[in-house]
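Input: a single structure, listed below in structure tokens.
The values are calculated or read from the model by the stated rules, or taken from the named source; none is laboratory data. Please read all numbers here as calculations on a predicted model, not as lab measurements. Side chains are part of the model used for accessible areas, which takes the heavy atoms of the whole protein and leaves out ligands, DNA and RNA. Shrake-Rupley method; radii C 1.70, N 1.55, O 1.52, S 1.80 Å.
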Amino acid sequence: SMPPSAAIRLQEALGSSRGDRQPAARQTMRFVLVVLALAAGAAADLAALAPLVPEEHAPAVERSAARAAKASQLLADHGHLLPPDLREKAHDLLNEHDFRVHAALDSAKPGLALAAIEKKEAGYLKAFKKLGGDRAATKAKQLPKDEERTKLRATREVLFEATGVAAKDAVWGAPFRALEELFGEGHAPMEALGVSAKFFEDGRSLTKRYHVALQPPCDCWTFGREAVVEQAKSVAESLRAPPLVEAWLDSIAADDTGKLPSVGFGVSAEDGACKLYVLNYGGNELPPLPLLDSLPQTARKPDRASSVLVSVEWKFGDMKTQQMRQYSVEASADDVSVARQTQDERFDGDGLVAALDGAFEIKQSEDIAVTAPFQYDGDVAPVVAAPLSKSGLKLKPQDGNIDSNAEMDAKLAALLKDAAPGAEAWLERSRVVRHALSNVQFGDGFVTLYRHPTVFGFVDPSSAPQHLALRNAITKRAGASRRRLSGLTACDQAEEDFVDRVVWGHNEDDSTCKKDAEKSKNAGICPQSCQDDITCMIAACSDCALVDIVCDEQIDTTAYPKLATSQGLTYADLDLADVPADKKAQSPYGDSGLFDIMNTWGPEGCRYPYYGYMPDEPLCKDCSSMFEAKEFVLNGLWDGPCNSDDPPTWDDDEGPYTEYTPATPANYPGCGCDCADLLRRDLATCTEDSCTNVAQQYALPGSKCEGSDVTWDLSASSDNCADNLYGDGSFDSTWASMASNDACLDDDGNVQAASETCYQTLASNDEAALTDKKSNIGQCAFNAAGATTPLAMTLALVGAMVLASLA
């Protein structure tokens with residue numbers, strides 16, 4: 001029987017009183033972090049239970065306990081990255097999972113019941129791995145935590161207050177507007193904006209200066225190569241950039257095999273200066289930018305192996321002449337003596353450097369090399385070095401604080417009162433961006449101060465665009481950060497769109513399903529918007545549409561030495577492009593794929609018993625696909641997609657009620673008519689010798705996979721599916737003995753006759769709409785027309801959470 005602690009948690013999660021049983025609390029297993037995001041207490045209960053169960057069931061319980069413990073830790077590490085509603089659902093998951101493990105052990109057929117639970121767990125693990133798995137979890141763990149900073153926004157008001165530049169300015173507001181195009185107005189994080197000011201000894205100053213990062217120097221957010229380059233080209237056009245700028249952006253766009261570097265623009269409105277910045281990070285090489293090798297070396301950096309910032313700069317309107325610049329930061333933080341020597345040689349600035357070091361501690365020194373102005377028409381240009389004009393210092397955050405600091409600003413203003421008249425007023429005004437002073441650069445007769453972000457990844461999960469950008473960067477679909485988002489099959493793409501629409505709801509101009517499904521008036525109802533999204537997914541995944549499958553066995557780094565850095569991971573944790581050809585395949589989506597996605601992500605009112613989403617015809621009539629779907633119905637939890645042992649409108653003690661939740665159909669719980677119809681389908685494509693392992697049917701000849709959930713063997717020594725033959729096609733329902741006369745099978749294991757009672761859902765899939773969408777699938781395309789951001793064009797590829805939502 002269920003331990004008291006588990007019973008209490010179950011009662012808390014599901015609510016034993018009518019007042020507690022709101023539909024939202026019943027939305028189970030939605031997320032992947034929910035991958036098994038079970039509560040720690042439930043995981044501990046399962047671990048303690050394993051030694052007490054019969055020996056033959058102990059491995060299954062131990063497996064569930066281990067998965068629960070891992071999910072609990074993932075939730076603890078990354079739960080702050082989830083929107084609040086999904087975080088709550090993740091916490092609910094283990095409570096339900098824990099209950100079902102106990103119920104399975106109490107059932108008449110515990111072995112089959114535990115096997116069904118393993119299948120359900122496998123579905124969540126599959127979703128988790130599809131979203132990046134352990135590799136994504138590792139990335140997420142590196143993100144900073146600071147709830148206050150996640151709420152900071154780079155808004156038009158902040159830009160104007162700090163710089164005096166209006167975002168609507170046709171020229172000087174262009175970089176900021178590009179940032180808004182990616183994130184949407186009011187959603188750009190503060191870390192995407194930096195400001196600076198240049199002060200001359202004669203009292204002049206340039207303060208209408210700012211910088212934006214369209215792509216940050218981290219795996220913390222991205223909108224993908226195509227969207228970033230598109231916006232960068234728009235900025236270049238507004239700033240009337242010379243040809244080399246377009247050539248650099250074309251090179252970045254074409255570099256599909258490399259990591260998308262950090263890309264940004266800086267402008268100085270008062271003197272018309274414009275810059276395109278490109279920065280490599282994470283040990284990745286810069287793209288093959290035209291003339292890059294012509295850049296003069298900095299005084300102390302003979303190579304570009306570590307983080308190096310390069311730029312093209314020009315004056316607004318001069319579309320012929322440009323300069324290139326390289327900024328080199330020392331790898332060591334204790335090279336102040338070198339910086340002093342360099343400063344002394346150039347500007348006799350040693351005294352100021354020493355004073356700054358004494359007051360703030362120099363974190364690192366920065367050296368800058370620049371070319372003389374030159375023209376570029378696509379051929380190799382005669383690039384020559386200009387006299388080294390400036391170098392800089394990176395200031396150490398005071399007390400480790402990356403926030404702007406009035407006391408620090410005052411000390412700096414006092415030190416710079418002669419070298420930089422007017423700095424004090426700018427320091428006070430620019431504090432609105434919240435970044436501490438990060439850099440000081442020196443040149444002959446001038447000083448430039450910078451408030452640039454130094455830490456990235458403060459993601460506000462309540463901001464849909466920010467969370468999308470994070471998911472792009474952190475999940476393996478973030479092919480966005482390595483190449484254009486592409487390569488998905490049409491069905492995989494449709495599934496991504498569906499998850500994006502019903503779980504994240506980032507763009508209501510495209511779909512209002514998420515918002516509609518969460519309205520209290522729609523409890524137990526599948527809104528039309530959601531029905532449309534479901535129909536679009538089914539249309540794209542019909543007719544044996546293919547999806548990618550990847551072997552989930554551990555990577556053999558001996559056989560694949562190029563994957564040595566992925567030791568300990570499975571092939572399913574890799575980006576699809578990195579998976580060896582013999583460890584992946586494409587197979588039909590089939591009805592089982594539809595069951596998986598709907599059970600995991602579908603809104604509650606769009607699942608059984610409320611909404612019948614199964615189409616009349618199979619999504620694939622191949623024997624292995626139809627067999628897999630039939631097996632899913634018979635061996636699922638509980639009785640597949642159509643039934644449940646705990647209907648959402650039943651009070652645990654009093655039976656059915658409708659006070660707080662919608663009524664379920666007549667004859668529910670029982671056999672759903674859709675499931676009965678599916679089980680009656682004629683498997684005419686199957687013969688006694690048909691292989692029922694879908695992966696085995698479609699994997700590469702000669703390949704082999706021995707994963708925990710995905711297996712095939714087409715090697716020379718293979719028994720050619722001998723253990724997975726159709727035979728006589730008989731099944732044994734996991735829950736047949738619990739279903740009495742209401743289940744889809746009779747006591748002999750046969751599907752109930754068509755004349756027997758089954759329940760009809762209150763609404764069901766519109767076959768006419770499905771036919772229409774299949775004949776014109778273009779109407780299901782992700783709608784960017786009304787979106788506030790062109791990111792909608794790349795969004796269609798993303799979906800997912802962090803880490804399974806984060807895991």
### Summary
HN-Hα couplings for segment 269-284 via Karplus (6.51, -1.76, 1.60; θ = phi - 60°), in whole Hz with x for Gly/Pro, come out as 5, 6, 10, x, 7, 9, 9, 9, 9, 9, 9, 8, 7, x, x, 8
### Query
Per-residue accessible area for V384 at 1.4 Å probe radius, Å² rounded to 10?
80 Å²
### Message
Just to confirm my numbers, what's the Cα centroid distance between segment 658-708 and segment 507-546 in Å?
### Response
22 Å
#### Entry: Alpha carbon centroid spacing (whole Å) that separates segment 243-300 from segment 554-570
33 Å
### Query
For A154, which sequence-distant residues (separation of 5 or more, or a different chain) have an amide H within less than 5 Å of its own amide H, given hydrogens modelled in the peptide plane?
A188, M190
### Query
Of the heavy-atom accessible surface of segment 406-481 (probe 1.4 angstrom), what whole percent is carbon and sulfur?
51 percent
### Task
Can you bin segment 128-256 into rounded, prolate or oblate? Criterion: square roots of the alpha carbon gyration tensor eigenvalues sorted a ≥ b ≥ c, rounded for a/c under 1.5, prolate for a/b above b/c, oblate for the rest.
oblate
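When ligands, DNA and RNA are left out and all protein chains stay put, how many square angstrom of accessible area per residue does segment 130-279 have with a 1.4 Å probe? Write down the numbers at each step before the final one.
Details: 5240 Å² over 150 residues.
Averaged over the residues of segment 130-279, the accessible area is 35 Å².
Taking 32 Å as the cut-off for C-alpha to C-alpha distance, list the pairs among K139/K630; K208/K514; K259/K394; K151/K773; K70/K394 that go past it.
Numbers: K139/K630 39 Å; K208/K514 42 Å; K259/K394 26 Å; K151/K773 41 Å; K70/K394 40 Å.
Checking Cα-Cα distances, K139/K630; K208/K514; K151/K773; K70/K394 exceed 32 Å.
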## Note on the structure
For segment 139-196, the percent of accessible surface on carbon and sulfur atoms (probe 1.4 angstrom, ligands and nucleic acids excluded) is 48 percent
### Query
Can you pull the accessible area of H97 for me, 1.4 Å probe, Å² to the nearest 10?
10 Å²
### Summary
Measure of exposure for C673: accessible area at 1.4 Å probe, Å² rounded to 10, is 10 Å²
### Query
³J(HN,Hα) across segment 680-693 via Karplus (A = 6.51, B = -1.76, C = 1.60, θ = phi - 60°), whole Hz, x for Gly/Pro?
7, 4, 7, 7, 5, 7, 9, 10, 4, 9, 5, 7, 9, 8
